[in-house]
Amino acid sequence: MALKQTPSQTVGPYFAYGLTPEQYGYDFRSLFGPVLAEPQAPGEHMRLTGRVFDGDGVPVNDAMIEILQADAQGRFVASRAEAAASGFRGFGRCGTGTHASLHYWFDTVKPGAAAAGDAPHIDVIVTMRGILSHAFTRVYFEDEAEANSRDPVLAALPAERRATLIARRAAQPGGVSYRFDIRMQGPKETVFFDL
Amino acid sequence: MPALSPLAPHLTPRDWASHPAYLSPGYKSTAKRGPTRPLVPLARSLGERRAPVYGHEDIGALDHDLTRNAAKNGEPLGERIWVTGRVLDEGGRPVANTLVEVWQANAAGRYVHKTDQHRAPLDPNFLGAGRCLTDAEGRYRFLTIKPGAYPWGNHPNAWRPNHIHFSLFGEYFASRLVTQMYFPGDPLLAHDPIYQSAPAGARERLISRLKLDSGGEPGFALGFEFDLVLRGAGATPMEA
């Protein structure tokens with residue numbers, strides 16, 4: 001390789017007016033937000049939500065979560081025009097600093113399996129003050145037990161760590177939601193990938 | 001943009017000899033926030049997912065000009081600077097049409113962010129956020145104000161060196177980079193645990209270079225050049 005990678009640095013505590021301005025009430029247009037799927041997007045609509053906890057179990061109020069996922073048919077969005085036509089963007093961004101209980105949230109559709117043998121999942125980037133390089137993790141779904149049991153990524157993990165990647169389903173009057181908490185440290189530290 | 005295949009061969013790995021470790025004792029917040037267990041390898045094909053989609057229609061005409069994109073009744077105070085450079089992959093190939101997002105403190109070292117309590121003035125004509133897409137040669141360009149240093153709570157009388165935050169996607173989900181650009185000759189770099197967290201021999205890549213001929217009208221703004229190198233396809237990129 002002719003060139004070396006530029007080192008990562010922390011996103012710091014003050015990203016919101018640049019990266020998530022509308023969510024935090026700044027007068028600057030957001031390029032990405034917590035809504036991945038407009039109402040007309042095909043598939044089972046769901047909310048993904050959770051909190052990020054530090055090593056003391058304290059919820060983090062300045063994390064930024066980004067998610068990338070396939071649509072309900074298991075396809076990744078290939079262009080901006082395609083996203084505009086379907087109402088599904090496939091990518092979202094949400095900070096943990098605006099909800100009273102420091103939740104992040106995304107309004108999306110449940111993804112289909114993107115490849116044979118893979119369980120449906122959502123890829124996640126976690127970044128915040130105090131981490132110097134973003135962390136990759138992944139959301140799987142509690143109600144996909146059979147697909148999860150065959151998924152090669154889950155299968156490669158020790159059973160007790162697998163549970164850190166499984167989102168819990170709750171059907172509420174407002175719709176379906178999945179709860180996915182991220183623990184940076186501790187006995188239930190979330191699995192982070194070297195991606 | 002041509003339609004790109006969803007997967008491409010041989011995405012280069014994260015080069016941990018270039019990136020800081022998660023637990024970096026000098027930067028105290030890492031102690032409770034950095035992952036402590038070894039990262040779990042993911043099969044290669046899963047790491048080569050494309051970056052999210054966006055396009056030129058997402059970018060406003062003044063988004064790259066921080067001296068004007070939030071101006072209310074005049075010009076922001078401070079030293080005008082061009083910040084220009086290229087986004088390349090490790091093979092030296094330009095990364096075209098990629099989103100570059102920046103944010104920074106104003107000339108007095110104050111961030112617009114609501115939780116910044118530093119006793120320095122806000123500038124009514126400066127937000128401090130911008131973005132642009134790289135051109136076919138991977139070039140980006142911002143006009144902004146040189147950010148001031150500011151104190152933070154890491155250790156007694158700790159001051160961050162002047163810096164601009166950068167966020168980039170590159171071509172792949174896994175080529176994402178969040179980093180900071182510093183300025184040449186800043187005496188605070190030697191005292192900054194965030195800058196120092198990157199390995200010696202790599203951290204110097206975070207320092208921009210003075211570039212007097214950054215373009216634009218002579219005598220209008222100083223120029224600083226900062227190239228960024230992202231993970232990319234190690235072999236021939238595949239286009240469908």
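Which whole number gives the average count of other chain Cβ atoms within 10 Å of the Cβ atoms across peptide A:74-85?
4
Modelled label-to-label distance, B:Arg68 and A:His99, 7 Å Cα→beta-carbon offset: nm?
4.0
Could the peptides B:55-61, B:171-177 be put in order, highest first, of the mean number of other beta-carbon atoms found within 10 Å of their residues?
B:171-177, B:55-61
Contact order normalised by length for region B:30-230, with contacts defined as Cα pairs under 8 Å and 6 or more residues apart; what percent is it?
25
What is the Cα centroid distance between region A:105-126 and region B:183-232, reported in whole angstrom?
Here the answer is 38 Å between Cα centres.
Tell me which of B:Ile59, B:Ile194, B:Leu230 sits at the most positive position along the dipole axis of region B:30-230, charges placed on C-beta atoms (Lys, Arg +1; Asp, Glu -1).
B:Ile194
Across peptide A:13-24, what mean number of C-beta atoms from other chains lies inside 10 Å of a residue's C-beta?
Details: counts 6, 12, 8, 7, 10, 15, 8, 0, 4, 0, 0, 2.
For this peptide, the per-residue mean of nearby foreign Cβ atoms is 6.
Evaluate the relative contact order of region A:137-177 (contact order divided by residue number), counting alpha-carbon pairs under 8 angstrom at least 6 apart; express in whole percent.
47
Can you give the translational diffusion coefficient of region A:11-114 in µm²/s, computed by Stokes-Einstein from the Kirkwood radius over Cα pairs at 4 °C and 1.567 mPa s? Don't jump to the answer; show the numbers that get you there.
Details: Rh = 14.4 Å.
Once the numbers are plugged in, D ends up at 90 µm²/s.
Pairs of Cα atoms under 8 Å, at least six residues apart: use those to get the relative contact order of region A:114-195, whole percent.
Numbers: 115 pairs, mean separation 21.9, N = 82.
Once divided by the residue count of region A:114-195, the mean separation gives 27 percent.
Looking at B:Ile145, B:Gly219, A:Phe53, which one has the Cα that reaches farthest to the positive end of the dipole of the protein assembly as shown (charges on Cβ: Lys, Arg +1; Asp, Glu -1)?
In the protein assembly as shown, that residue is A:Phe53.
If you wrap region A:70-148's Cα atoms in a convex hull and average its projection over all directions, what's the area in nm²? Present the calculation step by step, with values, prior to reporting the outcome.
Numbers: hull surface 28.0 nm².
Its average projected convex-hull area is 7.0 nm².
What percentage of all Cα-Cα pairs in region B:30-230 are separated by more than 26 Å?
Across region B:30-230, Cα pairs with separations above 26 Å total 38 percent.
Could you list A:Arg80, B:Arg209 in order of exposure, starting from the residue whose Cβ has the fewest other Cβ atoms within 10 Å?
Ranked by crowding around the Cβ, least crowded first: B:Arg209, A:Arg80.
For peptide A:26-36, what's the mean number of Cβ atoms from other chains within 10 Å of each residue's Cβ?
4
Give the value in nm², to one decimal: projected area of the alpha carbon convex hull of chain A, averaged over all directions.
If I average the Cα hull's projected area over directions, I get 12.9 nm².
So if we plug the beta-carbon distance of B:Ala158 and B:Leu212 into 1/(1 + (r/R0)^6) with R0 = 35 Å, what FRET efficiency do we get, rounded to 0.05?
Computed FRET efficiency for B:Ala158 and B:Leu212: 0.60.
Of B:Ala17, A:Trp105, A:Gln23, whose Cα points farthest to the positive end of the dipole of the protein assembly as shown (charges on the beta-carbon: +1 Lys, Arg; -1 Asp, Glu; origin at the Cα centre)?
B:Ala17
Of all the Cα-Cα pairs you can form in the protein assembly as shown, what percent are over 38 Å apart?
18
Per residue, how much space in cubic angstrom lies within the convex hull of the C-alpha atoms of region A:86-195?
142
We did not get these values from a lab; they are worked out from the coordinates using the rules stated. None of these values were measured; they are calculated from a predicted model. When we count neighbours, we look across all protein chains shown, and the Cβ atoms used for this are built from the backbone with ideal geometry, even at glycine.
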